[in-house]
1. Any idea what angle helix B:69-82 forms with the longest principal axis of chain B, computed on alpha-carbon atoms, 0 to 90 degrees, nearest 10?
2. Read phi for every residue in the stretch C:134-140 and hand back ³J(HN,Hα) as whole Hz from Karplus 6.51 cos²θ - 1.76 cosθ + 1.60, θ = phi - 60°, with x for Gly and Pro.
3. Measuring from label point to label point, each 7 Å out along Cα→Cβ, what is the B:Trp355 to B:Asn54 span in nm?
4. How high is the FRET efficiency between C:Val112 and A:Ala38 when r is their beta carbon distance and R₀ equals 41 Å, given to the nearest 0.05?
5. Starting with the fewest neighbours, write out C:Ile96, B:Ile387 ranked by other beta-carbon atoms found within 10 Å of each beta-carbon.
6. Applying the Karplus parametrisation 6.51 cos²θ - 1.76 cosθ + 1.60 with θ = phi - 60° to the phi angles of the stretch A:182-191, what ³J(HN,Hα) value in whole Hz is obtained for each residue in order, glycine and proline being reported as x?
7. Can you work out the PRE-style zone for C:Leu40? Point 7 Å along Cα to Cβ, and I want the residues of the stretch A:146-183 with backbone N under 14 Å.
8. Who wins for biggest fluctuation among B:Leu102, B:Leu89, B:Leu200 in a Gaussian network model of chain B, springs between alpha carbons below 10 Å?
Amino acid sequence: MKRSPGTAIARTLVLAMLTLFIVVPFYWVVAGSFRAPAEIIAREVIWFPQSVTFEHYENLLRQSPFPTYLLNSLIVAAGTMLATVVVSTLAAYGFYRLRFPGREWLFRATLLAYAFPGVLLIVPMYGMMSGLGLIDNLLSLIIINVTFAAPFAVWMMKVFFQTIPKELEEVAELDGATRLQVLTRILLPLAAPGVAAIGIFAFVMSWTEYMFASILILSDGLRTLPVGLAGIIGQYQIDWGLLLAGATLVTVPVVVLFTLIGRYFIAGMTAGAVK
Amino acid sequence: MTMTRTSVLAGAATALALTALSAPALAQTELLIWHMEQPPHRVERIQSLLDAFNAANPDITVRQEPQNWGEIYAKAPAAVAAGNAPDLLFAIPDFTPLLKQLGAVQPVDAIVAMLDEAHGFYPAALEPYAYDGHVWAVPLYNMAVSLWYHRPMLEAAGIAPPTTWDALRAAAEALTGDGVYGIGLPANKHLYTDQTTYALMVNNGASALYDADGSIRFDTPETQGALAFYDELAAFSPPDIASWTWGEAEACFASRACAMILQFTVITTFETQTDGTPDQLGVAAIPAAEGVADPGTIAYANGVMLLTDDPAKHDAAAEFLSFLMTPENYGRFLNMEPGLFLPVTETGAEAESFWSDPVAVAYRSQIETMLENSRNGRLFGFTDGNIFPSIAAISAQNLISQATQRVVLGDEDPADAAAEVQEMMEDAIE
Amino acid sequence: MSVTSSPEPGTAADRATRRPRAWPAGLDSRRRREAALGYLFIAPLVLWLVATILWPLAASVHLSLLDVRLIGTQGSFIGLDNYIRVLTDDRFWAAIGRSGIWILGNAVLQTVLAFSAALVLAQLFPGVRVARTLVILSWIVPTVVAVIFWRFLLNASGGGLINPLLIELGLTDDPVGFFSSGGSAMTSLIVINSWRWFPFITVILLAALLRVPSDLYEAAAIDGATAVQRFRYITVPMLQPTLFVVGLIGTLLSFNVFDIIWLITAGGPSSDTTTAPVMIYETAFKRFRLSIAAAMSVVTALILVAFALVFIRFAQPKEMG
C-alpha cells in the first residue's frame, strides 16, 4: 500500500490511543499488585512502585485454593474447547458443503441463540442440570459454555472452509473418499489455523464466564477462577492488594497462552489472507 | 461431649466394626453448612473449628461450603427447590423469610432455649428471628454501624467527637478542605447505603418501616428529615460516593481522605493499611437528632437456619452449635474477622477467647464501644415485633438507598423521594 | 469491479448453488443422500442448542403464564396477565429504551475503536506482531477482573489512576465521580464494556481486512483513487459480509450484557443504568416476581428476534457478481 505522512501520523495516534486504553490499565493493575498497601491507596500518581512486595501474592496463595480454581478453569476451558471444535467443525462443514432443505434458515436460527437474555436461562437451566444430576459438576459448565461459543464458532469455521479450493475435495471424492474422510483428511489439515482460532475463542468464552459458574457450582473445590476471585473480594473491606494480585494471576495464564499461541489465533483468523 | 480424648480415638478406631455390629449411636451423621463468610481467612478459621469438632465427635462430620452473598438469593431457593440444599445455612434477618416461604426452614426453638440457658442471648439479637410463634434461626454474631473518626484530625481542628446532628454537620464542614472530606457517606444503589441511611433514620425517630397492620410507613416527616440531613452531609463527601461499597469507604478513611465514616468496623484496615496507632482511631455512637427519644444504630444479627427435618441431623446441629457457642470456641469463631463480628451472648461478651486476639487487645476500647452500640441496634423491617416476610423484597432491591440516591445525586426534594420510594415499597410487598 | 472471488459467507453459499457439479446419473438419490448427510453433520449442534436454549426457552414461556414469585414455589395459571402487566409497564419500556442507548453507544464506540485499530494493525510496521497480540489483552479478562480493574482505576478516594491523573494534568480541580449522574454512569459503563469487547471485533475485522486482495488496492491506486475512496469503495464492500455477522451477533451479545452493569452500578443511580437484562434479573431475584421476569424476557427476546429479522432483511449483503 502507498505510504503517506498522513497514514504515519494517523497510525501513531491510533497506537498511542491503544497504549493508553489497554497497556496503561494493565500496567497500573499489575504494578499495584506489587506495591505496599499504603502506596496502593496513595492519592498521587506514583508511576514506578517505590516499594516492591510480594505479600499480596503470598496472602492470596496461602489463603485461597488458587491452584484448584486454576485447574478447574483449565478443565472447563479445555472441555469447552474440545466440544466446541468438534460440534462447530461438523456443523460448519454441513452448512457450507452440503445441500439440504432449510440450510440457510437453520444457519441463521443458530445465530439467534444469542437473542435470549442469559439471565433468565438461570432458572430453567438450574432445573435441567439438577434433573441430570449435574449440579456441582464441571460438566454442566462445559455444556453451557459450548452453547454460547458454538454458534459464532460455526460462522468463523465456515469462513475458513470457504478459503479452501473446492477442487481438492472433488479429487478426493472421485478417489472414493467418504465425506467424513474428506473433512478429516483434507479440510481440517488445511483449516488447522481456523480450528486453532475457534478453539481459542471457545477457551476465552469459557475462561471469562461467571454467571452460570457462580450458580451451578456449590462447593469450593469445584469453583472456577472468576468465581473464586469474586469470593476473595471481602464483603466489608477491600484489600486492593489482594484483589490486584488476584486479577493479575487470573490474567497471566491466558496472557502466557496468547504469547505462545496468540499468533496462531491472529494467523488462524487471517488464514487465506493475501499478505 | 463427655468423651475423653482417648475414648474418642478408641471410638474412631473401632467405629467401623461397631457400626457393623449394630451400634446406632455411632452411625455417621453428616452436616453440610453454607455460609457467606467467603474471604479465605474466615474459611480457614471456620475449618479449624470444624476440624476440632469433628475430631471430638466421631459420629458427626460437619463440612462447610462457602457461598457469596451476591448469588445466594438466587442460589439457595433454587437449591431448596431442586433438593440439594445444605443442612445449615447462615442468614441475616431479611434472608430468613425468603427461605421460610419455601417451607424449608425448621424452627430452632429448642436449640435456642438450650443455648440461651447456657449463654444468655442478647434479646436484640433474637428478636429479628422470632415471629410466627417460633424462632427461625440461631443468632451467631452481630454487626453494628458506628461513627469512626481520625482522632488527630478532630483534635487539630479543635473539635470534640460529635454526638448531635448539629455537631456532626459542623464537624463535617470544618474538617473538609485541602483534599480531605469531612465525612464519607455512600450514595450507591447498594446495601451499604441502605445501612447508613437507616442509621440516620433511626436517630431521627424513623426506625419503623411497617405499621402493625403490615402497611408501609416510609414516607414520614422523620424519614424526610433524615434524607435531608443525609444530603447536607453528602456535600462533605468525596465525588465518587455513587459507586461506594464498604471497601471504598474504608479505603477513603485509611488514606485519610475521609476524616469520618459510618461503618461496621475499620479496625483491620486501619491496622494494616495505615501507620496510625490504636489510640488515634476514634469510634462513637451515631449522633442523634435533637430530642429523639430512642437513638440507636443499625445492627445485623447474623444467624444460622436449619433446613433439614431429619431428627438425627437436628441433634447433630444442636451438638455442633453448643460446641460453637462455648466461650473457649466462640471467641475464636468471632475472631475469624477480628474487630468486626460481635458476640450475641452474655458469656461470649466476656469470653477470654474473644478478647485475647491480638487485634482485640490493641483495640479493646474501640471494640467495647462497638459492642455497646450494638445493644441499641435495630434493623429495618424488624422493629417493634411488626415483622412481615415482604421485607425481603424491600431489602433485596435496596429501596432505601434509592431514596438516598434521588435526594443526594438527583437533587430531588426529600418529600418527593420519600413518597416515590414509599410507592415502590408498596409495590414490592403487594 | 470484480469481486466474485470473495471468500465470504453468503456469496459462498450462492456459489455452491450457482456452480453445480457435473452430477452423474442417479442425481436424485445422491441429493437425498447429501441432504441426509447434511442433517447428520449439523445434528450435534442443533440438538445441543435445542437442549440448552430451546428447552429452557419453552420452560420460560410456560413460567410466564403462571404467577410464580419465588424460585421453588408453585404457581397457578393466569394466562396472559403477566404480559399485559409488562406491556403496560412504563418502567419496562424505559429499560428497553436504556438498552437501546446501551447498544447504540457500544456499537458506535466499538466500531470506531475496532476499525481504527484494525486498519492500523493491518499495515506492516516494526512491532506489528506484538501490537496484534497486545490488543487482545482486555478481551481475555473475565468480567469480574474487568470490574476490579475499573473500580480501582476510577476510584476517587484513595488509589485510582484516572482522577489523580486528571488533576495533575490540570483538567479538573476536584476528583470526578464517574457514576454520580445517570448520563456519566451510562457513559462510563459503555466505555468499560467497549474496552472489554472491542479487541475481539478488532481481530475479526483485521482478519477480514487481510483477506482483501491487495491487487485491488494497487489497481485503484493506479487509477488515482484517494485513501478515503479506496476505503469507501474497496474496503467497506469487501468487509460487508463480516460487518453483517459482527453487527448482528455483536448487537445481540451486547444487548444481553448484564454482569458488568450489575457489578458496577446495579442499575443505579436510581434506575438510570437499568437496562432490560438488569431489570429482568432484578425482577426475578430481587423483587421475587419470577413469572413477570419470564414474561419480560420473552417480550425482550421477541424484540431482539424482530430486530434480527429486520437487520437480516436490510443489511444482508446483496448478491455480488
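1. 40
2. 5, 5, 7, 3, 6, 7, 8
3. According to this spin-label approximation, the distance is 3.4 nm.
4. Efficiency at R0 = 41 Å is approximately 0.55.
5. Values: C:Ile96 17, B:Ile387 21.
Arranged by neighbour count, lowest to highest, C:Ile96, B:Ile387 become C:Ile96, B:Ile387.
6. Going residue by residue, I get 4, 4, 7, 8, 9, 6, 4, x, 6, 8 Hz, with x marking Gly and Pro.
7. Label zone hits: A:177-183.
8. Of the options given, B:Leu102 has the highest mean-square fluctuation.
The numbers here are math on the coordinates, done by the rules we state, and not lab data. Computed from a predicted structure; not experimentally measured. Cβ atoms come from the backbone with ideal geometry, glycine included; neighbour counts cover every protein chain shown.
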